[in-house]
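All remarks here apply to the structure that follows.
Values quoted throughout were computed directly from the atomic coordinates according to the rules given, and no laboratory measurement underlies them. Note that the structure is predicted; figures quoted are calculated from it, not measured. Here the Cβ is made from the backbone with ideal geometry for all residues, glycine too, and neighbour counts use every protein chain on show.
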Amino acid sequence: MGAPPDPAALLRDLVAAPGPEIDVAGAALACAALDRLARDGTALDLAPYLEHLGGIAADMRAQGDGTPPALLAAVLAGDRGYRGDRDSYDDLANADLARVIDRRRGLPVALAILWMHAARARGWRCSGLNMPAHFILRLEAGGESWIVDPFAGGATLDARDVEALVARVRGPGVRPRAEDLAAVDDRSVLLRLQNNIRLRLREAGDVQGALDATGRMLVVAPRSGELWMEASGLNAELGAYRAALDCLDSAMALAEAPAARQRIAAERARLAGRLN
C-alpha cells in the first residue's frame, strides 16, 4: 500500500490538468483535507472518500436504461441518499465535500460536484452554470439537454423554474440573462465552493480561516488579482504586513489597467508605513 496522497500536491496536480474539465471531486476533497489540516492539525484520510467516489462511478456505469437525469437521481438521491441541507444551510460542513459525503447533505455547489462526477463516469457531459446564488447544472447526453438541480434531488428544471430561481435573487419579473445559463469551467466550480467557505468564515470573524480558504483559491486561480488583494487585506488584519505587501506585489504584477495599478500602489504605500 502506497503512502497517502499529500492534499496540497494533489490539489496542485489536479488543477494543473489541461482543459476546462478536471477531477473536480478529487480537488474538492483535497481542499477539505487542507482545511482540516489548517484548522486543527489533523490529517484527513482521503482513501475512504476516494473509494466512495469510485463506488458512485461504478454504480452509474452499472445502471440500465432510463433518462440521464432519472438515473443520476436514482443513484445519488435514491441509493446514496444525498439531499440539500435546508435545515442548516449555512453550516460550514455543507461546503466541505468530505463532510458532505459523511452527512449526505450539502450546499447546491457541493452536491453538484458529486452529480458532475457521476454523470461523467457514465460518459455524459455535465457542466456547472453561471446562475446567481443557486448552483445548477446542464446535463447533455444522446443529443438531449437538461437543466438539473442537485439540491432538489436532481430534479429537472424547465424555463419557468429557472425564471423563478432568478427572481428569488434579483426580484420578481426579472428574467434570466444569457450569461446566467452559460457554462463555467470546473475550476470556477471549485472556486465557488471555496468562496462559500471563505465568506462564511469572514462573516464569523475567523480571519485566519478566511485567509486559509483564500490561499486554497489562489492554488486554483493564481492569476486572480482580486484574490491576491483579498489575501493582502486578510494578512493585514492579522498584522502580517510583510505577507500583505507580498500579496500586493503579486496583484500588481497581474494588473494591467492604470487605475488598478494606482490603487494597488496607494495601498502598498499605506501598508509599507506600518512596517516602520
Would you pull out the residues with amide H under 5 Å of Met131's amide H, same chain only if 5 or more places away, H placed 1.01 Å from N? Ile136
What net charge is computed for the residues neighbouring Val100, neighbours being all others with C-beta under 15 Å from the C-beta of Val100, Lys and Arg scored +1, Asp and Glu -1? +3
With 10 angstrom as the radius, rank Trp228, Trp124 by how many other C-beta atoms surround their C-beta, starting from the fewest. Trp124, Trp228
Dipole of the range 223-275 [Lys/Arg +1, Asp/Glu -1 at C-beta], most positive-end residue of Met252, Leu238, Ala269: Ala269
Net charge of neighbours whose Cβ lies under 9 Å from the Cβ of Cys31, counting Lys and Arg as +1 and Asp and Glu as -1: -1
Over 16 Å, how big is the tail of the calculated P(r) for the range 223-275, in percent of all Cα pairs? 29
Residue order, fewest to most beta carbons within 10 Å, for Val220, Val162: Val162, Val220
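Report the calculated FRET efficiency for Arg177 and Ala62 (r = Cβ-Cβ distance, R0 = 30 Å), to the nearest 0.05.
On the way: r = 39 Å, r/R0 = 1.31.
Calculated transfer efficiency: 0.15.
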For the range 92-147, the Debye formula with one identical point scatterer on each Cα and no solvent gives log10 I(q)/I(0) at q = 0.20, 0.22 Å⁻¹ as -0.73, -0.84
Cα atoms only: what Rg and Dmax, in Å, come out for the range 81-223? 15.4, 48
The equivalent-ellipsoid semi-axes of the range 1-83, taken as the square roots of five times the Cα gyration tensor eigenvalues and listed largest first in whole Å, are 28, 16, 12
Given the peptides 169-178, 65-74, arrange them by the average over their residues of other C-beta atoms within 10 Å, most packed first. 65-74, 169-178
Per-selection metrics, the chain (Cα): Rg and Dmax in Å: 20.0, 70
Which of Pro132, Gly54, Gly41 sits closest to the plus end of the dipole of the range 1-142, meaning its Cα is farthest towards the positive end, when Lys and Arg get +1 and Asp and Glu get -1 on the C-beta? Pro132
Listing Leu238, Leu29, Leu92 by rising number of other beta-carbon atoms within 10 angstrom, fewest first, gives Leu238, Leu92, Leu29
Where the convex hull is taken over the Cα atoms of the range 183-274, what is its projected area averaged over directions, in nm²? 6.2
In Hz, Karplus ³J(HN,Hα) per residue of the range 8-13 (6.51, -1.76, 1.60; θ = phi - 60°; x = Gly, Pro): 5, 5, 4, 4, 4, 5
When the chain is treated as a Gaussian network with springs between alpha carbons less than 10 Å apart, the largest mean-square fluctuation among Asp35, Asp212, Asp246 is found at Asp246
Sequence-separation-based contact order of the chain, relative, with Cα cut under 8 Å and 6+ spacing, percent: 15
